[in-house]
Amino acid sequence: MTWFGTVSAVSALLMGAMFGVNAYFQFATGVSWWLYVLTAALLLVGGFRTLRKMSGGLRLLGGAWGLAAGVLAVPLSAARADGATFDTAGAALFAVALAGLALTVLHKETKKA
């Protein structure tokens, strides 16, 4: 099970880039953007630290995935209003964030003798 952290870290780098692009578009349109920048930065730094096997990388990555899942869950709750359609792509990204969190939490580090 040692590959869980690597898969989660690579996914975090990709998701962090997507959050960064989303933050840019929100900044350009005048919408609140700082939470997306924070989430992108945490995912990118956590993914980098995990891939480099630096201290605290998995903890940071787990927290970043949790924050990303929370940020992605907020628009899904708005879809429950009358007449609103369900955001399938948003639900898929939410599922990816939860999968990344699960991979990070379930990762087992191995000690080299």
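The values are calculated or read from the model by the stated rules, or taken from the named source; none is laboratory data. These numbers come from a predicted model, not from an experiment. Here Cβ is always computed from backbone atoms with ideal geometry, including for glycine, and neighbour counts include all displayed protein chains. To get the accessible areas, we keep the full protein, side chains included, count just its heavy atoms, and leave off ligands, DNA and RNA. Shrake-Rupley method; radii C 1.70, N 1.55, O 1.52, S 1.80 Å.
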Those residues of region 68-79 which are within 18 Å of residue 103 (Cα to Cα) and surrounded by fewer than 17 Cβ atoms within 10 Å (Cβ to Cβ), in sequence order:
70
Please specify each residue of region 7-44 satisfying the condition of being more than 17 Å from residue 92 (Cβ to Cβ), open to solvent by 70 Å² or more (accessible area, probe 1.4 Å) and among the β-branched types (Val, Ile, Thr).
29, 31
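Can you pull out every residue in region 38-53 that is aliphatic (A, V, I, L, M) and touching a Phe, Trp or Tyr at 6+ places or on another chain (Cβ under 8 Å)? Even if it seems obvious, please write down each step before you answer.
Within region 38-53, the subset aliphatic (A, V, I, L, M) is 38, 40-45, 51.
40, 43 - these are the residues of region 38-53 that are aliphatic (A, V, I, L, M) and touching a Phe, Trp or Tyr at 6+ places or on another chain (Cβ under 8 Å).
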With the first residue restricted to region 85-105 and required to be buried (at least 16 other Cβ atoms within 10 Å of the Cβ), and the second required to be assigned to a helix (DSSP H, G or I) and among the hydroxyl-bearing types (Ser, Thr, Tyr), Cβ contacts under 6 Å at 6 or more apart or on different chains are 100/8; 100/11; 103/8; 104/8
From the set of residues in region 56-70 that are among the small types (Gly, Ala, Ser) and part of a helix (DSSP H, G or I), which is nearest to the chain's Cα centre (by Cα)?
68
